[in-house]
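Peer 1: Got a structure here, written out as structure tokens. Questions coming.
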Amino acid sequence: MRMKLISCEIFYREFCAAIARSVNTIEVEFLTKGLHDVGAPDMLARIQAAVDRVEGSRYHAVLLGYGLCNNGVVGLTAGDTQLVIPRAHDCITLFLGSKERYLDYFQGHPGVFFETTGWLERGESDGELSQLALGKKLGITASFDELTARYGEDNARYLQEELGRLTSHYRQITFIEMGVEPDLSFESRAREKAESRAWKFEKQRGDSGLIQRLVDGPWDESEFLVVPPGRTVAADYNSGIICLSATE
Amino acid sequence: MSTLDELKEVIINGNAPAAKRLTEAALNQGTRPGDFFAGAIIPAMDEVGRRMRECEFFIPEVLIAARAARASTEILKPLLAGDSSVRPAGTVVCGTIKGDLHDIGKNIVAMMLEGAGFRIVDLGVDVGPEKLVDAVRREGADFVALSALLTTTMVNMKGAIEALIAAGLRQQVKVMVGGAPVTESWAQSIGADGYGKDAPAAVELARRFIAEAARGMSAARRGAA
């Protein structure tokens with residue numbers, strides 16, 4: 001069957017590997033990493049635009065390489081083809097293979113930054129998205145020099161301390177090894193990042209099963225939400241994470 | 001311009017050293033410590049809230065304004081101890097919900113509420129139900145303000161409210177929730193009393209609850225008479 005995958009580029013290597021092995025024929029459009037940083041309404045608008053661009057009659061399904069992603073898929077409406085979305089809070093569920101494993105790990109490790117190949121190599125630090133990012137809009141990513149120029153040195157010192165607290169509760173970097181890495185270079189970069197911040201480093205073996213099942217189907221109700229043509233996604237926040245919006 | 005008006009201006013502009021100097025000057029001129037709040041600090045922070053809403057102020061401006069307000073209140077606090085005519089608008093126990101370590105939003109809410117005359121008991125981050133219940137009981141809280149940045153942690157807000165019910169404290173407090181993924185409908189679904197979409201909204205909400213409680217009390221008094 002022919003399917004269209006619209007995905008965050010955070011999964012670039014993982015989906016390419018899964019597509020290569022898939023029983024289906026998958027066409028893919030990757031969207032820029034970091035949409036969750038521009039706020040839910042803008043993120044939704046960009047994903048909806050990508051869904052609307054799909055010529056539905058050509059495909060058995062449109063697959064989405066996104067999770068709930070801070071409500072960024074809430075309000076997303078399927079076109080004239082069914083839409084399949086993993087039941088996931090965010091990308092870490094897809095890297096770890098199940099929402100249960102993510103929840104279990106997250107509860108035991110609240111102060112963790114996750115790293116994968118996509119987190120390390122994708123996204124742009126000075127492109128269009130970085131200008132739109134909420135952090136930039138809220139004024140919390142300014143440098144010390146910018147703060148000094150705007151608020152004076154005394155306030156800049158105070159602001160640097162306060163704004164630095166944004167990440168001050170993080171204590172660990174967990175590198176998720178997905179089996180798509182060419183060598184140890186990604187792991188080394190994640191390890192160096194942890195060392196430079198004096199954080200703990202840990203490696204977890206990822207599980208690409210959920211990613212593979214998204215491109216292969218069939219889509220088990222417990223792992224995926226299948227959105228019929230014309231229907232809209234809502235947040236559930238319970239064990240299902242996402243659900244169909246009530247019809248009017 | 002009176003010294004209190006000047007103080008208001010320097011707080012809005014985030015000038016902490018000037019706020020300290022003007023507070024001392026006004027005290028020397030005979031301004032009573034209790035008059036600084038209605039005369040300068042609260043209107044200054046209300047103006048900061050308004051500018052934040054209008055997107056004239058962003059997080060850095062709010063932080064430095066709150067710092068300037070604190071430079072003033074730190075001088076006033078010891079002078080106000082024992083003065084029963086100056087009472088906080090209410091006591092707010094706040095924190096980020098269990099599992100969530102993102103606290104800048106919560107900090108801003110706490111600063112704005114403090115600027116509006118509320119007493120803040122900040123429990124910090126990753127606040128579990130037991131810690132919350134203990135603090136509400138110990139501090140005689142009127143409000144609980146909880147925040148979450150992630151949908152994974154937001155669900156724990158429900159457990160926090162259930163813990164307040166189980167401890168018999170739910171009627172004592174108004175529960176306000178907020179944070180990026182939180183919505184009005186989520187707040188309603190977990191039985192919170194209100195949702196604040198940003199820090200000024202949280203202040204507005206707390207004031208509304210106080211006004212409602214005051215109306216309820218005066219109605220009860222009329223009923224008794």
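The values are calculated or read from the model by the stated rules, or taken from the named source; none is laboratory data. Since this is a predicted model, take the numbers as computed values, not measurements. Heads up, the Cβs are rebuilt from the backbone with ideal geometry, glycines too, and the neighbour counts pull from every protein chain shown. When the accessible area is computed, the model is the full protein with side chains, heavy atoms only, and any ligands, DNA or RNA have been set aside. Shrake-Rupley method; radii C 1.70, N 1.55, O 1.52, S 1.80 Å.
Peer 1: Could you check B:Pro181 against (1) open to solvent by less than 30 Å² (accessible area, probe 1.4 Å); (2) in a helix (DSSP H, G or I); (3) of a type outside the set (A, V, I, L, M) and say which number it fails?
Peer 2: (2)
Peer 1: When you check B:Pro60 against the structure, is it in contact with a helix residue (DSSP H, G or I) (Cβ under 8 Å, 6 or more places away or on another chain), open to solvent by less than 10 Å² (accessible area, probe 1.4 Å) and within 14 Å of chain A (Cβ to nearest Cβ), yes or no?
Peer 2: yes
Peer 1: With A:Arg171, A:Arg205 as the choices, which residue is closer than 23 Å to A:Arg87 by Cβ and in contact with a strand residue (DSSP E or B) (Cβ under 7 Å, 6 or more places away or on another chain)?
Peer 2: Going through A:Arg171, A:Arg205 in turn, just one is closer than 23 Å to A:Arg87 by Cβ and in contact with a strand residue (DSSP E or B) (Cβ under 7 Å, 6 or more places away or on another chain): A:Arg205.
Peer 1: Continuing with this model, one more query. Return the residues of segment A:239-248 that are assigned to a loop (DSSP other than H, G, I, E, B) and more than 14 Å from chain B (Cβ to nearest Cβ); say none if nothing qualifies.
Peer 2: Start the filter on segment A:239-248 by keeping residues that are assigned to a loop (DSSP other than H, G, I, E, B), which leaves A:239-241, A:245-248.
Hits for segment A:239-248 are A:Thr247, A:Glu248.
Peer 1: Since A:Ile26 meets every condition but one in (1) assigned to a helix (DSSP H, G or I); (2) over 20 Å from A:Asp207 (Cα atoms), which condition does it not meet?
Peer 2: The failed condition is (1).
Peer 1: Which one of these is touching a residue at least 24 places away in the same chain (Cβ under 8 Å), buried (at least 23 other Cβ atoms within 10 Å of the Cβ), of a type outside the set (Val, Ile, Thr) and in contact with a helix residue (DSSP H, G or I) (Cβ under 7 Å, 6 or more places away or on another chain): A:Tyr105, A:Tyr12, A:Tyr66?
Peer 2: After applying the criteria, what remains is A:Tyr66.
Peer 1: Could you list, in sequence order, the residues of segment B:130-173 that are closer than 14 Å to B:Tyr195 by Cα and surrounded by fewer than 17 Cβ atoms within 10 Å (Cβ to Cβ)?
Peer 2: Of everything in segment B:130-173, nothing turns out to be closer than 14 Å to B:Tyr195 by Cα and surrounded by fewer than 17 Cβ atoms within 10 Å (Cβ to Cβ).
Peer 1: Please go through segment B:47-65 and pick out each residue that is over 20 Å from A:Ala149 (Cα atoms) and part of a helix (DSSP H, G or I).
Peer 2: Matches in segment B:47-65: B:Glu47, B:Val48, B:Gly49, B:Arg50, B:Arg51, B:Met52, B:Arg53.
Peer 1: Moving on. Step by step: first the residues of segment A:139-154, then only those that are assigned to a helix (DSSP H, G or I) and within 9 Å of chain B (Cβ to nearest Cβ), then the one that is farthest from B:Ala18 (Cα to Cα). Which residue is that?
Peer 2: Here the answer is A:Leu147.
Peer 1: Before we move on, is A:Ala198 assigned to a helix (DSSP H, G or I), of a type in the set (Gly, Ala, Ser) and modelled with pLDDT under 95?
Peer 2: So A:Ala198 fails the test.
Peer 1: Looking at B:Ser147, B:Ser189, which one is more than 22 Å from B:Pro88 (Cβ to Cβ) and within 14 Å of chain A (Cβ to nearest Cβ)?
Peer 2: B:Ser189
Peer 1: If I filter segment B:207-214 for residues that are open to solvent by less than 20 Å² (accessible area, probe 1.4 Å) and over 20 Å from A:Asn70 (Cα atoms), do I get at least one hit?
Peer 2: Yes, because at least one residue in segment B:207-214 is open to solvent by less than 20 Å² (accessible area, probe 1.4 Å) and over 20 Å from A:Asn70 (Cα atoms).
Peer 1: Here is a list of conditions, (1) surrounded by fewer than 22 Cβ atoms within 10 Å (Cβ to Cβ); (2) in contact with a Gly (Cβ under 9 Å, 6 or more places away or on another chain); (3) touching a residue at least 60 places away in the same chain (Cβ under 8 Å), and A:Val73 meets all of them except one; can you say which number that is?
Peer 2: Unmet condition: (1).
Peer 1: Looking at segment A:198-238, which of the residues that are without any contact (Cβ under 8 Å) to a residue 12 or more places away in the chain and open to solvent by 70 Å² or more (accessible area, probe 1.4 Å) is nearest to the other protein chains (Cβ to nearest Cβ)?
Peer 2: A:Asn238
Peer 1: From the set of residues in segment A:155-195 that are in a loop (DSSP other than H, G, I, E, B) and closer than 17 Å to A:Thr117 by Cβ, which is most open to solvent (accessible area, probe 1.4 Å)?
Peer 2: The selected residue is A:Leu184.
Peer 1: Quickly run through segment B:97-112 and pick out the residues that are outside any helix (DSSP H, G or I) and within 10 Å of chain A (Cβ to nearest Cβ).
Peer 2: Taking segment B:97-112 as the starting set, the residues that turn out to be outside any helix (DSSP H, G or I) are B:97-103.
Across segment B:97-112, the qualifying residues are B:Lys98, B:Gly99, B:Asp100, B:Leu101, B:His102, B:Asp103.
Peer 1: Picking from B:Ala44, B:Ala25, B:Ala40, B:Ala68, which residue would you name as being within 14 Å of chain A (Cβ to nearest Cβ), among the small types (Gly, Ala, Ser) and either assigned to a helix (DSSP H, G or I) or surrounded by 17 or more Cβ atoms within 10 Å (Cβ to Cβ) (or both)?
Peer 2: Numbers: B:Ala44 fails: within 14 Å of chain A (Cβ to nearest Cβ); B:Ala25 fails: within 14 Å of chain A (Cβ to nearest Cβ); B:Ala40 fails: within 14 Å of chain A (Cβ to nearest Cβ).
Exactly one residue qualifies, and that residue is B:Ala68.
Peer 1: In segment A:27-50, is there at least one residue being open to solvent by less than 10 Å² (accessible area, probe 1.4 Å), of a type outside the set (Gly, Ala, Ser), away from every other protein chain (no Cβ under 14 Å) and free of Cβ contacts under 8 Å to residues at least 60 places away in the same chain?
Peer 2: yes
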